[in-house]
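The values are calculated or read from the model by the stated rules, or taken from the named source; none is laboratory data. Note that the structure is a prediction, hence the values are computed from the model and not measured. Here the Cβ positions follow ideal geometry from the backbone for every residue, glycine too, while neighbour counts run over all protein chains shown.
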Amino acid sequence: MRARILLLLSLAPVAAFPQNAPALMSRGLDVYNKSCATGYCHGVKGTPGGAPRLAARGFDDAYISQTVRNGIPGTGMPAFGATLDRADLLAVIAYVDSLNGVTPPPNPFAMQPEPRKLPPDAQHGRQLFAEQVRGFQRCSTCHRVDGIGIAVALPFSSVPENVAALRALATPQVETATAQGDSFPVLPLNKVGPQVKLYDLKTLPPVERSFAKGEVTFKEGSNWRHEAMLAGYTDQDLDAILAFLRAVVKP
Amino acid sequence: MKKRFLLPLFALLSAILTAPARAQDGATTANWPSYGGTDFAWRYSALDQINTSNVKKLVPVWQFQTGDYTQGLQSTPIVIDGVLYLSTTHSQVFALDAVTGKMLWQYKYPMPRGAGGNIQNRGLAVGGGKVYVGTYDDYVVAIDQKTGAEAWKVAIADSSQCGCSITSAPLLVKDKVVVGIAGGDSAFRGFITAMDAKTGRLAWRFYTIPAPGEKGNETWKGDSWKYGGGATWMTGSFDPALNLVYWGTGNAASDMYAGDRYSGEGEGANLYTGSVVALDADTGKLKWYYQEIPKDVWDYDSAYECLLIDRQVRGVLRKLLVHINKSGYAWVLDRTNGEFLGAYPIVDNHTWLTGMTEDGKILGRIEPVEDKPTLICPGPDGGKSWNQVAYSPRTGLMYTPTLEICSDSVAREQTPVEGRGFLGGTWSHRGPANGPAYSHIDAYDPVTGKRVWSMRYKYALLASMLTTAGDLVFTGDPEGNFFALDARTGQKLWSFQTGAGHRGSAISYSVNGRQFIATPTGWGSIAGRALTSIWPEAENFRLGSTLMVFALPEDTK
């Protein structure tokens, strides 16, 4: 038996998903046309395009499902498990199944766990956390959580109580480095060498820099302030961001 | 429709060209210091030890296998003072003795696990004691030129969000390293970023799509500017006398459906996509722009190289920028102010327009529609791919690799999701209406568009051109042949089977008076695979990632 079937036992069907085979196939076709059948990749109805032919290749459901979800490292085949929502993912797998004569399971949506869904304010906070139009003046320039952002700071271990606490957050880990006649705020990564490594916080985005031992000296404290980084966010924005962090950070 | 000259008067007047002045501005000599040879992007070497009379004696002298072969080798090596620097698709960097191929150091970028997609890296910048390389996950890395140790690295975008990646070589401009970014087929907003070369600190960023309140934003409907494309996925050029950095900007997104982004307001459409932009090298401020493809619905991607030459136009010596995009046309601009001086087709098949006015406006656009496939030439692969032209000041000719590949295209309205695919349509590859797809190498007068010679080839040519003062043109084909043509006649003078298809950019350099020709070999890439739908036998073009280096035998003088 396929592993997917085993999950059936514990899960209930979800009403929002198409419940019958034609609806499933039509959704799968739609996702396929948008995500797979583009000129750089697979062709219409599984014909060869930039990527190999998919129709009548003798693929089984397990292979198709695995490949669609995880991609093929080192090739142009991306991991759609990371980008397609669950319903689209299962529909497109069913569609590619059909191109290979595999009858899709009667209701594949019932066999998959429902992914975590954020409440609306947390979802809004997630968007603000990484909002592209803010340039580098956004949380995700230094923080990575829930699959987005650049991990400059350590992972969140707790979430500040309120907006005032978030703005006033103390950052004793930020020090002042002096190197090559220049003093600047840094987040040290490795102070003992032989290669000293630090994040230079003088400008955004932070730069990971390496120095020979003895080329750089450190002093506790800095003029760097978390509050300055948050200047572009309103209190309302930060409330939503805190709701997002509360939803995803596990203390 | 198939007129060679859109501007007959212009062509006639500029036919009375004299020999180009300041001929050596864009020439390399012993070193190959920059991605395009020099920052003028000529891909021309002034070395002439290897020439039309002795090229048939050329032999391989060393080769270097990088081991990073799954996506081919698209790089341009850099050579400085007898050391050759080479990057591979996964942003590994090698420093090699340019005479023997002996490895001096290796830098292995820690590519994130599971990194898939269209991983590419097309080259490096070297200078000031550092080697600069971009990565698939949007880091720019500075490496110590002597030791290969990492000096700094910085993420210029969040690859888990933006659907973008750095595939092109950085350009070193005075004390800054300037980098473009790929991602214009995703819901993404393009930019060019400059960092302090010593510290990696941000110096400036230019967004190719203006934000609300900035001039040009009115050419976008609603919020479409946020995800409007305009990727900067190839390397630009730099003119130190004008202190201007030139960069091509890619297609607007979604690629094939403009209904949600075209506002119909302002000058141009969907600025500054499909354009050449000239930026102040110190501040990144826009000095001028020229939009070649307003309201792009063909993925015509003006992101390619900017060839900087000084030539007579209508009897006046002018500073020019010659620029080709995927549309199969070449534009001739005044690079001091962006003035349009002319445009000419470089492909035989160009059905997307019926002509162009004397001031460069496109007439009779044929656009993809939603309900049925439309034959469009060139297709989204382009009348030329990113592989670059070369220009010889000796012959005064520009050498172009050109594709005659068309498409049956269908537009489709699509809602953008940040960082995800945003093509707004689909297409299949095909040949022109009257026969199979093919490609050719041509020699053009770059000002008038007069074609001096042409060599036809049955598959797609996807390697760059190199030309030398030995009056030779070098390039490779997907079947593995690396060959030399007479730059004046196009006659094939020498050919060598390297064992794997060509997708990179050859260079020339010399050490202790001996001239070398180096070429990357190794098929791969998304465009390479796309060819199988036209030529099934393209499945068999061989992958690889090897640098092959040729010279005359030591006793040849």
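Summary of values
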| quantity | calculated |
| --- | --- |
| Test: residue in the range A:214-228 that is in a loop (DSSP other than H, G, I, E, B) and within 22 Å of B:Lys130 (Cβ to Cβ) | yes |
| Test result for A:Ala170, over 25 Å from B:Asp144 (Cβ atoms), away from chain B (no Cβ under 14 Å) and of a type outside the set (S, T, N, Q) | yes |
| Among the candidates B:Leu375, B:Leu317, residue that is in a strand (DSSP E or B) and either farther than 26 Å from B:Asp255 by Cα or in contact with a His (Cβ under 7 Å, 6 or more places away or on another chain) (or both) | B:Leu317 |
| Contacts under 9 angstrom Cβ, first residue in the range B:420-441 being within 14 Å of chain A (Cβ to nearest Cβ), partner of a type in the set (D, E, K, R) and in a strand (DSSP E or B), 6 or more apart | B:Trp427/B:Asp408; B:Ser428/B:Asp408; B:His429/B:Asp408; B:Arg430/B:Asp408; B:Ala437/B:Glu404; B:Ala437/B:Arg430 |
| The range A:133-149 residues that are within 9 Å of chain B (Cβ to nearest Cβ), paired with ones that are surrounded by fewer than 19 Cβ atoms within 10 Å (Cβ to Cβ) and part of a strand (DSSP E or B) (beta carbon under 8 Å, 6 or more apart) | A:Gly135/B:Arg205; A:Ser140/A:Ile148 |
| Residues located in the range B:376-424, provided they are more than 17 Å from the chain's Cα centre (by Cα), modelled with pLDDT of 95 or more and among the hydroxyl-bearing types (Ser, Thr, Tyr) | B:Ser392, B:Thr395 |
| Breaking point among (1) of a type outside the set (Asp, Glu); (2) assigned to a helix (DSSP H, G or I); (3) within 14 Å of another protein chain (Cβ to nearest Cβ), for A:Ala164 | (3) |
| Qualifying residue in the range B:158-165 (condition: of a type in the set (D, E, K, R), closer than 25 Å to B:Tyr227 by Cβ and either within 9 Å of another protein chain (Cβ to nearest Cβ) or surrounded by fewer than 23 Cβ atoms within 10 Å (Cβ to Cβ) (or both)) | yes |
| Exclusive hit being within 14 Å of chain B (Cβ to nearest Cβ), at pLDDT below 80 and more than 21 Å from the chain's Cα centre (by Cα), set A:Tyr32, A:Tyr40 | A:Tyr40 |
| The range B:378-394, subset more than 14 Å from every other protein chain (Cβ to nearest Cβ) and in a loop (DSSP other than H, G, I, E, B), residue farthest from B:Leu472 (Cα to Cα) | B:Gly383 |
| Residue that is modelled with the highest pLDDT [pool: residues in the range B:14-49 that are over 26 Å from the mean Cα position of the chain (by Cα) and buried (at least 17 other Cβ atoms within 10 Å of the Cβ)] | B:Gln49 |
| Tally, over the range B:321-347, of residues that are more than 21 Å from B:Gly250 (Cβ to Cβ) and surrounded by fewer than 22 Cβ atoms within 10 Å (Cβ to Cβ) | 5 |
| Single unsatisfied condition, B:Asp68 versus (1) more than 14 Å from chain A (Cβ to nearest Cβ); (2) touching a residue at least 60 places away in the same chain (Cβ under 8 Å); (3) not polar (S, T, N, Q) | (1) |
| Qualifying positions in the range A:173-187 - of a type outside the set (Val, Ile, Thr), buried (at least 18 other Cβ atoms within 10 Å of the Cβ) and within 14 Å of chain B (Cβ to nearest Cβ) | A:Ala177, A:Ala179, A:Phe184, A:Pro185, A:Leu187 |
| Single residue of B:Leu531, B:Leu472 found to be within 30 Å of B:His90 (Cβ to Cβ) and not basic (Lys, Arg) | B:Leu531 |
| Lone qualifier among A:Thr234, A:Thr176 - being under 28 Å from the mean Cα position of the chain (by Cα), at pLDDT 95 or above and of a type in the set (Val, Ile, Thr) | A:Thr234 |
